[in-house]
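Some notes on the structure that comes next.
The values are calculated or read from the model by the stated rules, or taken from the named source; none is laboratory data. Quick caveat: nothing in here was measured; it's all calculated off a predicted structure. SASA here: full protein model, heavy atoms, side chains in, ligands and nucleic acids out. Shrake-Rupley method; radii C 1.70, N 1.55, O 1.52, S 1.80 Å.
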Amino acid sequence: MSAFLLTSCTTSDSGEDAAAPRSTSPAPSTTRTATEPSEKDLTERAQAAIAAVSSGTLVEAGVERVSDGVHAEPGLSKGKTYRLNLVCVGSGSAQLEFVPAKAGTEASVPCDESVVQQRITGDGLARINVDGAKGSTGVIAWQIDAI
């Protein structure tokens, strides 16, 4: 009986020896290397770049993964002028387009932290699309200001 009590004190419910040191397996590895910045870091850098150039009254803003793209339909007042600021942080590039096309000018947005600015003339609803080129990674921050 004493052997049973001794055994029950040193084993866990799973049958493992409670007195023995447990090995902890390392956290699952991700595909990102130690030199690649995290999505959070990329987002912070993109937001800082947009904040440095923003002017006017904020209308709408956001941050999206390059792979998801930006697809926004801001309500813009007819005849009013706006500024769209875009920055892509990561690798590759993205393409900006407007629907209807007269709302703004198509442009390439390199994912090198440079800010691309577009003047937009309000004409009701306009769709803004920014789609990443194949293989592009990172985040796109964007902001529309009324000027």
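Sorting Val116, Val139 by accessible area puts them as Val116, Val139; the probe is 1.4 Å, largest comes first, and only protein heavy atoms count.
If each residue of separation counts as 0.36 nm, what is the full-extension length gain between Ala107 and Asp123 once their alpha-carbon separation is subtracted?
This chain segment gains 3.8 nm when fully extended.
At 1.4 Å probe radius, can you tell me the per residue accessible area of the stretch 43-147 in Å²?
Per-residue accessible area for the stretch 43-147 comes out at 48 Å².
In the stretch 35-75, the portion of solvent-accessible area held by carbon and sulfur atoms comes to 46 percent [1.4 Å probe, whole percent, DNA, RNA and ligands not counted].
Cα centroids of the stretch 97-136 and the stretch 29-94: 12 Å apart.
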